[in-house]
Each structure stands twice: as C-alpha cells, then as structure tokens.
Amino acid sequence: KNEVEQSPQNLTAQEGEFITINCSYSVGISALHWLQQHPGGGIVSLFMLSSGKKKHGRLIATINIQEKHSSLHITASHPRDSAVYICAAGIIQGAQKLVFGQGTRLTINP
Amino acid sequence: DVKVTQSSRYLVKRTGEKVFLECVQDMDHENMFWYRQDPGLGLRLIYFSYDVKMKEKGDIPEGYSVSREKKERFSLILESASTNQTSMYLCASSYPRGRGDFGAGTRLSVL
C-alpha cells in the first residue's frame, strides 16, 4: 500500500463543474503539498498546508490532520485547469522529503 | 522570475555514456532534490542534499551519483547510462520544511 493515495486517478468533467481531488496519507507529516503538472512536465507548487484550509483564486485546499486526509477543490473549472494534480506528503525528517501520490489526471472539456 | 533551472529540456544519450544533468536555483535554498518520474510509478526521489557537499540517498539511488559543490547547483550524474534510465528527471529546491520549487524537467532518452 502506498503511503500517499490519491483518488480518482482520472477525472473528466465539463467546464464550470466543481472538482474535488482527494488525498489520504499514512505517515506522519510536517506538511501536505499540492502540485500541478501540465503537459510538457513542469511542476508548479500550488499549496503547502499543515492545518485548516488555504485558498488561491478558484483553488481551495483543505486538510484534516486527525483523519490524515486532504482535498483539493476547483470551483468553476475551466479547460486550462486540465493537468495532473499531485499530492505529496512532507515527511517529518531532517531534510524536507516528499512522498508523492500517483497523481490525478484532470480533463476539463469545454 | 526563473527560480529552478534545469540545463536541458530534452536529452538523447547512448548506452554507456556518462551523463550530467545540471540544476541551478537562485533562491538561496538549502535543500535540493533530484526525482525521476515514470508512468505508473509517479515521482521517486533519487538523491537529495541539505547543504553544500552534503548528500543523502533517496529511494532509488542505484546507478546515479550527485555533486553539490556550490549552494545553488546540484548535479545528477549517470556514470554509465542504461536504457532503464530513460525517464523524466525533475530537480527541486526548498528551504528546510519549506514549500518546494521545481524545475521544468529534463526528458532523457538513453538509446
């Protein structure tokens, strides 16, 4: 069993829909990261959170430490949101190491 | 606004060649990381460094070595490239316990 599990693996939706991607982890963490990877490979760090909720534009990330669960929400989804979204657990260790989920491939159709 | 720069986006090498992948960051981050990304396996940590001249093995260090002579530069070395090292390689840097910044990735093909 992977230490970080994401669901769903693939998600296709229509423009405007509310999107939720889930992440569960089984290790002790210092922080939970949400990353976005567009075709071509480059990765952008969207959020780093250790409690509660963070919002940036149409993106919202929440974390429940007790349940070891985090969600990434996208409101009013748009085709440009199509990407792979990756959850990563920052492991409690000397240097900040990340353990990655498998990623969720999101496709938003116009 | 470039923060983490990887020297090549695409690289094609032959089996047995020595390959250098270079990564430079301009944010004065202590930590630097090399990952590889493969379909179905996700991102896996090869090596990381938390200070100049310091390095630690990640989850899949076999066949790789690294060098960090200066704080801003972290090099990944494939001593003798093999076809199973064909992959996307991603460099990242961060402050200790900080949010990471990633490079654009290097897609390496070993023929």
Which of the lysines could be linked to A:K97 by a straight reach, that is with a Cα gap under 29 Å, when you skip same-chain ones fewer than 8 residues away? A:K1, A:K53, A:K54, A:K55, A:K68, B:K3, B:K18, B:K53, B:K55, B:K57, B:K70, B:K71
What spacing in nm lies between the two simple spin-label points modelled at B:R97 and A:N2, each 7 Å away from Cα in the Cβ direction? 2.7 nm
Choose one of B:V110, B:Q37, B:Y47: the residue whose Cα lies farthest towards the positive end of the charge dipole of chain B (beta-carbon charges +1 Lys, Arg; -1 Asp, Glu; about the Cα centre). B:V110
Go through region A:1-102 and name the trypsin sites (Lys or Arg not before Pro) that are in a DSSP coil and have 14 or fewer other Cβ atoms within 10 Å of their Cβ. A:K1, A:R58
Kirkwood hydrodynamic radius (C-alpha pairs) into Stokes-Einstein, chain B, 20 °C and 1.002 mPa s, D in µm²/s: 155 µm²/s
Using a 7 Å offset from Cα along Cα-Cβ at A:R105, what residues in region B:22-38 end up with backbone N under 14 Å from the label point? B:38
Rh_Kirkwood(chain A) over Cα pairs, Å, one decimal, evaluates to 13.9 Å
Here the FRET efficiency for A:N64 versus A:V27, based on Cβ atoms and R0 = 25 Å and rounded to 0.05, is 0.95
Assertion target for A:S45, A:S7, ordered by fewest C-beta neighbours within 10 angstrom first, is A:S7, A:S45
Computed on Cα atoms, the radius of gyration and Dmax of region B:1-65 in angstrom are 13.1, 37
Set the Förster radius R0 to 22 Å, insert the Cβ-Cβ distance between B:T86 and B:D26 as r into 1/(1 + (r/R0)^6), and round the FRET efficiency to 0.05. 0.15
Extreme residue, positive dipole direction of chain A, given options A:I74, A:N64, A:L11 (C-beta unit charges): A:N64
FRET E, pair B:M54, A:K55, Förster distance 41 Å, beta-carbon r, rounded to 0.05: 0.65
Are there any GluC sites (Glu not before Pro) in region B:1-90 that are in a DSSP loop and have at most 15 other Cβ atoms within 10 Å? List them by number. B:E17, B:E62, B:E79
How large is the dipole of the protein assembly as shown about the Cα centre if only Lys and Arg carry +1 and Asp and Glu carry -1, each at its Cβ, rounded to the nearest 20 debye? 80 debye
What Rg and what Dmax come out for the protein assembly as shown when only alpha-carbon atoms are used, in angstroms? 17.3, 51
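Every number here is computed from the coordinates shown, using simple stated rules; none is lab data. Quick caveat: nothing in here was measured; it's all calculated off a predicted structure. Using ideal geometry, Cβ is built from the backbone for each residue, glycine included, and neighbour counts are taken over all protein chains shown.
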